[in-house]
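Q: Dropping a structure here in structure tokens format, bear with me for questions.
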Amino acid sequence: MKRVILVAGFLGFVVLGMAQSTNYKAFKVNIGLGYAIPTSSNGGTTGGAAFSIEPQYRLNNAINLGVRLEGAAVGSVNTGSGNADVSVLSSYTASGEYYFKPSGFRPFAGIGAGIFSMAKANVSAASSSASPTVNTNNALFGFYPRLGFETGHFRVTTEYNFVDNGGYLSFKLGFFLGGGKKK
């Protein structure tokens, strides 16, 4: 038990030491809004919106660790059959990013994984029933690779969210609060 505490304490000091060697402030919050495209559709128009907020801690100039909270509403309409599907996904995930440049225009790649929950509604114009069919799936595991760049406090990301029965691709524009250059 003493070894575990000693190793954990040593790793904590290493992480804090690495954070002190950065040219940027250690804590930032990313905010993004964008377009989401579902992977499955019923043959009609598809699309939706995504919003995320992501507090991050900068370990050094190249590595950020964070927690992403995201909501995405995606839908599809089949004009031939009169069916419409709408899925609302929310996710709570751990994330990490690696920056390829130390300053200026900073492209990055990242990955994240965690819990996704989904509610899916289906409405049919041909049905005599006016109420939609709603299915909910809670606590689905999902993950996503991410690419993007930052310049100043402006941020652009694209990520593909792999989730059982309903993944989606998202493109987001945003900004971040905090995390700027140290003076």
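Q: Just order 103-111, 152-160 by mean Cβ neighbour count inside 10 Å, highest at the front, would you? Walk me through the numbers on the way to the answer.
A: Numbers: 103-111: 14.3, 152-160: 16.8.
So the peptides 103-111, 152-160, ranked by packing, come out 152-160, 103-111.
Q: Which lysines, on any chain, are close to Lys182 with Cα under 26 Å apart, when same-chain ones fewer than 8 places away are left out?
A: Qualifying lysines at Cα under 26 Å: Lys25, Lys28, Lys101.
Q: Which of Asp164, Asp85 has the fewest other C-beta atoms within 10 Å, and how do the rest follow up to the most?
A: Working: Asp164 11, Asp85 22.
Ordered from fewest to most neighbouring Cβ atoms within 10 Å, Asp164, Asp85 come out as Asp164, Asp85.
Q: Give, as a single signed number, the net charge of other residues whose beta carbon lies under 10 Å from the beta carbon of Ser91, with Lys and Arg counted +1 and Asp and Glu -1. Could you put the intermediate results ahead of the total?
A: Numbers: positive: Arg68; negative: Glu70.
Summing Lys and Arg as +1 and Asp and Glu as -1 gives 0.
Q: For Val74, Val88, which order do you get if you count the other beta carbons within 10 Å of each Cβ and list the fewest first? Working shown, then result.
A: Values: Val74 27, Val88 16.
Ranking Val74, Val88 by Cβ neighbours within 10 Å, fewest first, gives Val88, Val74.
Q: Neighbouring Cβ atoms within 10 Å as the yardstick, rank Thr151, Thr39 fewest first. Show your work: numbers first, answer last.
A: Numbers: Thr151 11, Thr39 15.
By the 10 Å Cβ count, ascending, the order reads Thr151, Thr39.
Q: Something else about it: Place a label point 7 angstrom from the Cα of Lys25 along the Cα-to-Cβ direction, then list the residues of the stretch 83-109 whose backbone nitrogen is under 11 Å away.
A: none
Q: Moving on to the next point. Once both labels are modelled 7 Å past Cα along the beta-carbon direction, what's the Leu65-Lys101 spacing in nm?
A: In this crude spin-label approximation the distance works out to 2.7 nm.
Q: Further, regarding this structure: Between Val88 and Val156, what is the FRET efficiency for a Förster distance of 30 Å, r being their Cβ-Cβ separation, to the nearest 0.05? Write down the numbers at each step before the final one.
A: Numbers: r = 24 Å, r/R0 = 0.81.
Here the calculated transfer efficiency is 0.80.
Readers should treat all values here as calculations from the given coordinates under stated rules, not as data from a laboratory. Please read all numbers here as calculations on a predicted model, not as lab measurements. Reconstructed Cβ throughout: ideal geometry from the backbone, glycine too, with neighbour counts over all protein chains shown.
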